[in-house]
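Trainee: Here it is, the structure in full.
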Amino acid sequence: MSVDKQKPETTEDVRHLTADELQAIEETYDPELRFRVLVWPLTLITAAVLFLLSCYHYYTAGFGIPQATVHRGMHLGVTLLVVFLSFSAFGKKEYQPGALRPFGLPLIDWVLGIAGLVAALYVPWIYSDLAFRVGNPLPIDVIMGTVLIVVLLEAVRRSMGWPLPVIALLFIAYAYFGKVMPGIFVHPGASWANIVNHLYLTSQGIYGTALGVIATYVFHFVLFGVMATRIGLGQLFIDVASAMAGRYAGGPAKVSVLSSALLGSISGSSIANTVTTGALTIPAMIRIGYPRHFAAAVEAAASTGGQITPPVMGAVAFLMIEYLGLPLTTILTAALVPAFMHFFGVLVQVHLEARRLGLRGLSAAELPNAFKVLKEGWLSVVPLIVLVAILLSGRTPFSAAFWSITACIGVMVIQQVRAGGIIDGLRGTFHGVWEGFILGAKQSLSVTAAAALVGVVIGVVTLTGVGFKIAYMVTGIAQDWAGSIHSLLAFLPFELMAIPTLTLLFTLILTAIVCILMGCGIPTTANYIIMVAVAAPILGLLGVEPLVAHFFVFYYGVLADVTPPVAMAAYAGAGIANANAFKAGNTAFRLSMGKALVPFVFAFQPALLLVTDNFTWTAFFLAFGGTVLGIWALAAAVSNWLFAPLRWWERTALVLAAILLVAPDMIATAIGLLLVVPIAARQLLLNRQAAPG
């Protein structure tokens, strides 16, 4: 059987995009980066506010954080002011002079920004009297709370789009119109004053855990990621990955996977990761013969792994600390094996595709020298070592962030002094810190506003108890489906799955679908927070450990970045590759099958997370080995290649084998192996027969 080989494109066919073009692509698919153009002196004022915000967080990380409500209110107030300075109402706008446009901005933007600042700082201002106001708000409290809710809705709409504000409005409407809700969703309803009281004056709403985690942990680690990138750590990761993997078949694609895994350890943004590494890897993949849509998909699928890769994991690792009350080291340990499985799944498909198309690796002339790269850039790894060492020592995450940022500044001083002497070096260091602190604060604007608005959703859930109602409804549907399937399989001489197992399976499927649908419109962090409030109780009713439930909803929320029709990371990759965006999204989802499969594995076999209750090494190795083989079998089936082209029945058998191999059961694993072995043997024989000589 012949295999169609993709004709490699010439160097002229593949154009490397400029920095401005890459920035335009990133802004197109990431609304959080669509900052508008400001004019003097507003440019300097905004930059100074952002710089001071970063300085404040840098100081508090090292020397102590104020009382929680005060700290959160200050962070939120300044953020809302800058959001309305940085994001226009309808897309990125240039300077437009006018009497009602102070410094070129519409008057309404100034009103909203200042109103948000005042309303956010109002709660810390009355903090000493707050215990007497909760449950019995004054009229001014209701007015201020209403202002903050309205401003938050508009701030998130500007910085992230419509989906999250619409969800928040629906939840508020549910709280208010509870008496007319259908079926189990009916509740007594709440007055507007009571809604504002709960969302504004208590720690169950806007000033709750979500905002607290952003202001206490996430901001610091975003700042660390920016500073680490500025001292060359990101480029070092890409160069090391190229030196390690570039020479093998389909080399640039393997470089993409490895570099994205390394870069993901300090960056939690799928789109930023796609653009940063994809600018180099996507043209190289196309040049050696990968189809354009496949090159874009590889980079997108690999880049989404950044959010599940320790030690940073975006914001979710720190949210889990608060929600689960577990040490960060426990969360990071639990994330290790699932993250490995994701990148392993992408890497296997990349390898099989390279073999199927007969693609080469990169030549020695096209690769950096590993020894030279490490010799010149080893210093930039020091801050990451400091971060990991302090985290493993058991000290607080914000202490680790403080010292790792300090290490970044120290490395920057050494680099700048080496390059230009003491005076120019110190000047260059100040410039680097100034720009890094401004960019770090800028990148936190939208996530802060989103976290505060998610607090509105969580507040409604706790006010109305709707989370448990949804849990009851979903488990009821899953039990009905499980009973029906169990009855259909009654003719078998053995019980394939018990009703409780089927119930959990269908509940997981429904939960996964909801997570992906929610993730299509809102960012991963917001999706995780909402699904923890709504979906985690569903899994808890079925006996799933809290850590497992949290990881399950988190993984499927991340998967939305490569799930059409709103696969933003894949679309950003397609923009670089000049490929069909929808085709790239479909391929990226296929490449992420490992990430889609693994959550079901650790839901049924929690030992895969290493730190769950009743952990045993026997259970772990059974789950680990079965998952590795299952991912390989599934990758071969979807790639239509193992060691040679596959027949349709072999692909079908491999899909079935993959499902059986990941099942946490010895008999199922044995049956899966029995299906794989003869197919692999036949494939090896065909491969030897096709070999020359």
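Trainee: To the nearest 0.05, how large is the calculated FRET efficiency for residue 472 and residue 134 if R₀ is 45 Å and r is the Cβ-Cβ distance? Mind dumping the intermediate values first?
Mentor: Values: r = 29 Å, r/R0 = 0.65.
Once the sixth-power term is evaluated, E becomes 0.95.
Trainee: Further question: Stretch residue 419-residue 176 to full length: gain in nm at 0.36 nm per residue minus the Cα-Cα span?
Mentor: Extending this stretch completely gives an extra 81.2 nm.
Trainee: In whole Å, what is the distance between the alpha-carbon centres of region 371-402 and region 246-325?
Mentor: Region 371-402 and region 246-325 have Cα centres spaced 20 Å from each other.
Trainee: Right, here's the next one. Going by the alpha-carbon gyration tensor, a ≥ b ≥ c the square roots of its eigenvalues, is region 389-480 rounded (a/c under 1.5) or, if a/c is not under 1.5, prolate (a/b greater than b/c) versus oblate?
Mentor: prolate
Trainee: About its Cα centre, what dipole magnitude does the chain give when the only charges are +1 on Lys and Arg Cβ and -1 on Asp and Glu Cβ, stated in debye to the nearest 20? Provide the component values of the computation, followed by the final result.
Mentor: Working: 35 positive and 30 negative charges, 178 e Å.
In debye, rounded to 20, the chain gives about 860.
Trainee: What does region 357-438 give for Rg and for Dmax, in Å, if only its C-alpha atoms count?
Mentor: Considering region 357-438 through its Cα atoms, Rg and Dmax are 17.4, 55 Å.
Trainee: Over region 105-169, what percent of the accessible surface lies on carbon and sulfur atoms, probe 1.4 Å?
Mentor: 79
Trainee: Let me ask something else. Could you work out the relative contact order of region 466-588, using alpha carbon pairs under 8 angstrom and six or more residues apart, expressed as a whole percent?
Mentor: 24
Trainee: Using 7 Å Cα-to-Cβ label points, what is the residue 336/residue 541 separation (nm, one decimal)?
Mentor: Once both label points are built, they end up 3.6 nm from each other.
Trainee: With the full set of protein chains in place, find how many percent of the accessible area of region 575-639 is carbon and sulfur; take the probe as 1.4 Å.
Mentor: Percent of accessible area from carbon and sulfur atoms in region 575-639: 63.
Trainee: Across all directions of projection, what mean area in square nanometres is found for the Cα convex hull of region 620-693? Walk me through the numbers before you get to the answer.
Mentor: Numbers: hull surface 19.1 nm².
Result: a mean projected hull area of 4.8 nm².
Trainee: What FRET efficiency, computed as 1/(1 + (r/R0)^6) with R0 = 30 Å and r the Cβ-Cβ distance, is obtained for residue 406 and residue 48, rounded to the nearest 0.05? Could you put the intermediate results ahead of the total?
Mentor: On the way: r = 22 Å, r/R0 = 0.73.
The calculated FRET efficiency here is 0.85.
Trainee: For residue 688 and residue 63, what is the calculated FRET efficiency with R₀ set at 45 Å and r taken between the beta-carbons, to the nearest 0.05? Before the final figure, lay out the partial values.
Mentor: Working: r = 67 Å, r/R0 = 1.49.
It comes to 0.10.
Trainee: Report, in order of residue number, the helices in the chain meeting two criteria: a C-alpha extent of 24 Å or more along the helix axis, and a mean Kyte-Doolittle hydropathy of at least 0.0; treat each whole DSSP H run as one helix.
Mentor: 42-63, 68-86, 107-125, 139-160, 270-288, 328-357, 397-464, 466-488, 499-519, 617-639, 666-690
Trainee: Please state, as a whole number in µm²/s, the translational diffusion coefficient that the Stokes-Einstein equation yields for region 400-541 at 20 °C and 1.002 mPa s, with Rh defined as the Kirkwood radius across alpha carbon pairs.
Mentor: The Stokes-Einstein estimate is 109 µm²/s.
Trainee: With a 1.4 Å probe and all protein chains left in place, how much accessible area per residue does the chain have, in Å²?
Mentor: Working: 28370 Å² over 693 residues.
Per residue, the chain has an accessible area of 41 Å².
Trainee: Sticking with this structure for a sec: Using helices alone, what [θ] at 222 nm do you get for the chain, with -39,500 (n - 2.57) per DSSP H run of 4 or more residues, divided over all residues and rounded to the nearest 500?
Mentor: -23500 deg cm²/dmol
Trainee: If you build the Cα gyration tensor of the chain and take the root of 5 times each eigenvalue, what three semi-axes come out, in whole angstrom, biggest first? List each step's numbers first, then the result.
Mentor: Working: eigenvalues 347, 238, 99 Å².
Whole-Å semi-axes of the equivalent ellipsoid: 42, 34, 22.
Trainee: Another question about this same structure. Taking the C-alpha atoms of region 498-628, how large are the radius of gyration and the largest Cα-Cα span, Dmax, in Å?
Mentor: According to the Cα coordinates of region 498-628, Rg and Dmax are 15.9, 50 Å.
The values are calculated or read from the model by the stated rules, or taken from the named source; none is laboratory data. Computed from a predicted model, the values in this text were never measured in an experiment. All Cβ positions, even for glycine, are placed from backbone atoms using ideal geometry, and neighbour counts span all protein chains on display. SASA here: full protein model, heavy atoms, side chains in, ligands and nucleic acids out. Shrake-Rupley method; radii C 1.70, N 1.55, O 1.52, S 1.80 Å.
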